[in-house]
Amino acid sequence: MRIDKYLKVTRLIKRREVAKQMLNLGYISINNKISKPSSDVSEGDIVKFNIPNKRELIIEVLEIRNSANVQKAKELYKIKGDIEQ
């Protein structure tokens, strides 16, 4: 699944367009590689959000689904680290 769609399905980012912008700015990486909106994400991948002057968030992808309700969306990933900068 594309990373921009995954971020929307998991509700980590509310809108896919915002996810695309963050990816294009290089704020999100998959397995320590800067990602593009079309980059594929799969189970077991580590996704890192590194937004300047904000928190750094690291998650592990647990499951891939095309859609999920609010409760199920939280089960698709596991927070590995949340670091205040």
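Rounded to the nearest whole angstrom, the semi-axes of the ellipsoid equivalent to the stretch 3-83, taken from the Cα gyration tensor as √(5λ), stand at 18, 14, 12, largest first. Estimated at 0.36 nm per residue, the fully extended path between residue 18 and residue 69 surpasses their Cα-Cα distance by 16.4 nm. Here the relative contact order of the chain, from alpha carbon pairs under 8 Å that lie six or more residues apart, stands at 27 percent.
All of the numbers you see were taken from the coordinates with simple rules; none came from a lab. Source: prediction; values computed, not measured.
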